[in-house]
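Down below is the structure, laid out as structure tokens.
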Amino acid sequence: MNQSAQLDRRFVWHPFTQMRDWLKREPLVIAEGHGAVLRDVHGREYLDANASIWTNLHGHNHPKINAAIRRQLKKIAHSSALGFANEPASLLASRLISVANKSKGDAARPSQISNHKLGKVFFSDDGSTAMEVALKLAYEFTRRTRGKTARPKFLSLDGAYHGDTVGAVSAGHIDLFHKAYSGLLFKPDKVMSPYCYRCPFNRARPERADARDYRKCHFECVGLVEKKFAAQKRRGNPYAAFIFEPLMQGSAGMIPQPQTWLKQVSDIARHHGALLIADEVMTGFGRTTSHSAFRTPHLPLFACQQENVQPDFLCLAKGMTGGYLPMAATLTTQNIFDAFLGEYAEFKTFFHGHSFTGNQLGASAALASLEILQSPASARARKNLENVLRKELQSLWPLPHIGDIRQVGMIAGIELVRNWRTREPYELRERAGIRVCEAMAKRGVLTRPIGNVIVLMPPYCTTTAQMQKMIRALREAVAEVF
Ligand SMILES: *Cc1c(COP(=O)(O)O)cnc(C)c1O
């Protein structure tokens, strides 16, 4: 066995992994990556079909990002944001604010949007910390505006995942991750998310199409959101904030929202005076690409922008550095910022921060990544890749063990079922998703399932041929496993 594999087995504890299973076999040791291809220590090549757990945007070893990091490395790798500003982080903050405030019909911006213009950036390290920052700011902002005795309450979506630190776990609703720690967590309310394929309000019989396209309902899910807000108001403690992943919930199982859902529920939340916390850790930076309303050179980079929703907190991480380095940002409004201003002795300071806040190498990578994203060539490539993905996914419908295929931009979730006519799921213990992904790996395609959902989220540099190979591997793997 390769030496790194031996050392790993001896000393490393892997995330979200049953280590007993891990220790049964030789781990795959990644040695290199170029574009959408990963190479292991034995020289075997694999396609990175989930962009290294949703982080990589432009491919591995991108010359522009590599060069940006090298340039910065000659100056300094890191100095502290506690006490000092630095060049790349300040520039990055201004660029993030600029791209985050662009919206459909920029010229005639409804006041609803301009009132919540994002103006400040708080840097941190990863998606979880970006969420922690938003939660703490929203909590404290609410206490300062409603009175110190207020007990700010949050509302988030069923199945939500917002990270693994204690605050971020609290905001989520995945039992498997929650049960053990419930004693440690605060408790937000939850409301159903629009999971059309398994929605109790959807009266449509299963068809061989994305469930959003043939659903039969009256947006009862939106009605439930309104009900929640109204009930909480009657209790005399209106929700402080509504937390959501826009357009598609990732770790919940790639649950896509039908068109206008996002706009409708955020209007409800706004109407009830709640702050909006948008977790775009997965969906940010072009992952959800297009909408018919946008022409290619002006593709929005964030999911919220596609439905003209302007959050008070925009949480970014995974793809922010192009997937190179751990760095995150919580964007917020001047209004929130102002609530933390005061004389030193008033102690209104936001007492929060991490050692690597505003790291220069991360910021340099993020600046280079943004520049690539904003180039017309990248926008065209994304649009094209999205179309290729849409076309190729069609070839999976004939498989009886595929129940739903849902795509938002460059993200696809393929739900495996025992029987598509009844939507009968596999039990988690059957490891259906894991087995299919193992069979795909044998065919040179790497991804990780969420329960029974296979995720495809390729880097934007993926070629048509590579995309076809990913789908072929999935098709063959499903046929082999079932
Ligand atoms: C991955 C993810 C997080 C957590 O990010 P980490 O960098 O893993 O801490 C939070 N929210 C969403 C939507 C995510 O996909």
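What follows draws every value from the coordinates through simple rules; no lab data is involved. Keep in mind the model is a prediction, meaning the values are calculated, not measured. Because the Cβ atoms are built from the backbone with ideal geometry, glycine has one as well, and the counts that use them run over all protein chains shown.
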- Task: Order these peptides, 179-185, 395-401, 64-70, by their mean beta-carbon neighbour count within 10 angstrom, highest first.
- Result: 64-70, 395-401, 179-185
- Query: In whole angstrom, and with the biggest value first, how far do the Cα coordinates of the chain range along each principal axis?
  - Reply: 65, 61, 48
- First measure r as the distance between the Cβ atoms of HIS78 and ARG203, then evaluate 1/(1 + (r/R0)^6) with R0 = 45 Å and state the FRET efficiency to the nearest 0.05. 0.20
- May I ask you to sort LEU316, LEU82, LEU389 by Cβ crowding, counting other Cβ atoms within 10 Å and putting the fewest first? LEU82, LEU389, LEU316
- If the viscosity is 0.692 mPa s and the temperature 37 °C, what translational diffusion coefficient in µm²/s does Stokes-Einstein give for the range 160-207 when Rh comes from Kirkwood over Cα pairs? 265 µm²/s
- A correct Karplus calculation of ³J(HN,Hα) over the range 6-17, with 6.51 cos²θ - 1.76 cosθ + 1.60, θ = phi - 60°, whole Hz and x for Gly and Pro, returns 4, 5, 4, 4, 7, 10, 9, 10, 8, x, 6, 9
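Treat the count of other C-beta atoms within 10 Å as a stand-in for reagent exposure and order THR462, THR333 from fewest to most.
Final ranking by Cβ density, sparse to dense: THR333, THR462.
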- Message: Counting only helical runs of four or more DSSP H residues, what would the 222 nm mean residue ellipticity of the chain come to if each run contributes -39,500 (n - 2.57) and the total is spread over all its residues?
- Response: -10500 deg cm²/dmol
- Task: Calculate one ³J(HN,Hα) per residue across the range 229-241 by plugging θ = phi - 60° into the Karplus curve 6.51 cos²θ - 1.76 cosθ + 1.60, and present them in order as whole Hz with x for glycine and proline.
- Result: 5, 5, 5, 5, 5, 4, 6, x, 9, x, 3, 6, 7
- Query: Straight-line reach from LYS318: which aspartates and glutamates have Cα under 13 Å away, leaving out those fewer than 8 places along the same chain?
  - Reply: ASP125, ASP126, ASP279, GLU280
- Dipole magnitude of the range 87-374, debye to nearest 20 (Cβ charges: Lys/Arg +1, Asp/Glu -1, about Cα centre): 1100 debye
- Message: At a 10 Å Cβ-Cβ cut-off, how would you order THR142, THR288, THR149, fewest neighbours first?
- Response: THR149, THR142, THR288
- Task: May I ask what percent, to the nearest 5, of DSSP beta bridges between residues of the chain are antiparallel?
- Result: 70 percent
- Extension gain, ASP21 back to ARG472 (0.36 nm per residue minus Cα-Cα distance, nm): 159.7 nm
- Over the Cα atoms of the range 87-374, how large are the radius of gyration and the largest Cα-Cα distance (Dmax), in Å? 18.6, 64
- Query: Between the range 325-351 and the range 454-482, what's the alpha-carbon centroid distance in Å?
  - Reply: 44 Å
- Message: Sequence gap at least 6, Cα distance under 8 Å: using those rules, report the relative contact order of the chain to the nearest whole percent.
- Response: 22 percent
- Query: In debye to the nearest 20, how big a dipole does the chain give about its Cα centre with +1 on each Lys and Arg Cβ and -1 on each Asp and Glu Cβ?
  - Reply: 640 debye
- Query: Say the dipole of the chain comes from +1 at the beta carbon of Lys and Arg and -1 at that of Asp and Glu; which of CYS217, ILE174, GLY119 then lies farthest toward its positive end?
  - Reply: CYS217
- Query: How about LYS383: which lysines have a C-alpha closer than 18 Å to its C-alpha, ignoring those fewer than 8 places off in the same chain?
  - Reply: LYS104, LYS391
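Once you charge only the Cβ atoms, +1 for Lys and Arg and -1 for Asp and Glu, what is the size of the charge dipole of the range 377-482 about its Cα centre, to the nearest 20 debye?
That gives a dipole near 280 debye.
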- From the cross-link list LYS120/LYS227; LYS120/LYS153; LYS120/LYS148; LYS74/LYS117; LYS136/LYS179; LYS179/LYS348, the entries with a Cα-Cα span beyond 26 Å are LYS120/LYS227; LYS74/LYS117; LYS179/LYS348
